[in-house]
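The values are calculated or read from the model by the stated rules, or taken from the named source; none is laboratory data. Since we're looking at a predicted model, the values are computed, not measured. Don't worry about glycine lacking a Cβ; one is built from the backbone with ideal geometry, like all the others, and counts go over all protein chains shown. The accessibility values were calculated without ligands, DNA or RNA, using every heavy atom of the protein model including side chains. Shrake-Rupley method; radii C 1.70, N 1.55, O 1.52, S 1.80 Å.
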Amino acid sequence: MKSLLLFVLTMLTPVGVAAAEDPILFMVGDMPVTRTEFEQSYLKMVGFGQAPQSVADYLESYIVYKLKVKAALDAHIDATSAFKAAYAQSVSANTPVQQTVAVTSTGRLTAPASSVNAQYEELRRRAGADGLICLSQIFIPLAQKASREEQRQAQQRMERIYHELQQGADFGQLARQYSQDESSAQNGGEMGWFSRGQLFKEIEDAAFGMKKGEMSRPLLSTIGYHILLLKDRKQLARYDALRGDLAAEAGHRQIHQLTTTAPLQGDIIERQEATVVVSDVQMPADPLQREYYEGLLLFEQSKQSVGRHAAEDEEALKYFFKKNKKKYRRKGFKPKDYTEVRELVVADLQEEMNKHWVADLRKQYPVRIDKKVLKTVNKHH
């Protein structure tokens, strides 16, 4: 009760008062994270019994969280129709979460099986008959208020790149050289797997009409010019291959709902009509709604995460098991094939791939911590 009261009082602190003397605790690339933002997140986790024992331990996990938020923002996930619909629905529904979440030994939030099942059914509905597509792109940004001359120059530049590709140039090499989408350029333009509703309409309409290995002509979306390459397509993986990631995603989503709607009984968010209108959304100024906004960003981002891809890669699972076979031996049980311990292998491979992904994010977005400010966390008046 005491910790919950502390949480509510913290959440009711006027934002303007905090901002007036709120130093930056750390930077993720060019994205600042203030002391108040970190403290509020830490205190909420304490209130729900989720926090590590030390501020230092929680800081490390919070930095990883912000690295992924930064990557999601740079990938413009908040501009996709799937994100905008989910955010609009969450604001209009305004329903406190009734289910509980748990934390695994690795610190991953997980949700009940019923929630995970519902999430998988939603993924299957979105995938539908079209399934999933693996997409690469070369991207040249264009401001919405760009002049005709700026648009002409961007279009000509993209046409020159397209001509090189038609002459036999390697798509991945040109993506690394020319593409200005930082999230995919370093991977040779590969963006990951998508279902319908996760991309800009212009890109979705073109991509889902393409065949495996087909490349598009330069096309214009609301954020710039794209050349698309459809690398692969498939149907949604089996439930057991996705269950671990889905449980973690649902857990994170629910804890964000808990920390926004439940403690204040929904007073922060104004009630609206049940009809959801998908329109442009922006990062909210209110810290509670901003945290929920970020949570939905990561939820959408996780659908194309490296861990998800690894779980669907049968050859990768087979290789990982062969390399770590001794790890899965038990008294009286020596598995000969990864399928005998599939869930364990999937979880371990996802964890391994996530570590590599976070390491890559740290290289892409240097983290700078102000140690003087860190010493004042939860100690200032």
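One table, with the values for the structure above:
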| read-out | value |
| --- | --- |
| Residue list for the range 117-149, filter: within 24 Å of G189 (Cα to Cα), open to solvent by 70 Å² or more (accessible area, probe 1.4 Å) and at pLDDT 90 or above | none |
| Any hit, the range 352-368, residues being closer than 30 Å to I24 by Cβ, part of a strand (DSSP E or B) and modelled with pLDDT of 85 or more | yes |
| Residues of the range 46-72 satisfying the condition of being surrounded by 19 or more Cβ atoms within 10 Å (Cβ to Cβ), modelled with pLDDT under 75 and assigned to a helix (DSSP H, G or I) | G47 |
| Matching residues, the range 173-187, being out of contact with any Leu (no Cβ under 9 Å at 6 or more places or on another chain) and farther than 21 Å from G29 by Cα | Q173, Q177, Y178 |
| The one condition in (1) open to solvent by less than 50 Å² (accessible area, probe 1.4 Å); (2) of a type in the set (S, T, N, Q); (3) in a helix (DSSP H, G or I) that T339 fails to fulfil | (1) |
| Failed item, numbered, when L344 is tested on (1) open to solvent by 40 Å² or more (accessible area, probe 1.4 Å); (2) within 30 Å of D30 (Cβ to Cβ) | (2) |
| In the range 73-96, residue modelled with the lowest pLDDT [restricted to those that are open to solvent by 20 Å² or more (accessible area, probe 1.4 Å) and over 30 Å from I203 (Cβ atoms)] | P96 |
| The range 369-381, residues that are open to solvent by less than 40 Å² (accessible area, probe 1.4 Å) and not in a helix (DSSP H, G or I) | V377 |
| Where a residue in the range 52-76 is without any contact (Cβ under 8 Å) to a residue 60 or more places away in the chain and over 18 Å from L296 (Cβ atoms) and its partner, wherever it lies, is in a helix (DSSP H, G or I) and among the acidic types (D, E), with Cβ under 9 Å and at least six apart | P52/E60 |
| Criterion violated by E214 - all others in (1) modelled with pLDDT under 90; (2) touching a Leu at 6+ places or on another chain (Cβ under 6 Å) satisfied | (1) |
| Residue list for the range 177-203, filter: open to solvent by 60 Å² or more (accessible area, probe 1.4 Å) and either within 26 Å of D313 (Cα to Cα) or at pLDDT 85 or above (or both) | Q177, Q180, E182, Q186, N187, E190, R196, E202 |
| Qualifying residues in the range 311-336 (those that are open to solvent by 100 Å² or more (accessible area, probe 1.4 Å) and part of a loop (DSSP other than H, G, I, E, B)) - the one modelled with the lowest pLDDT | K331 |
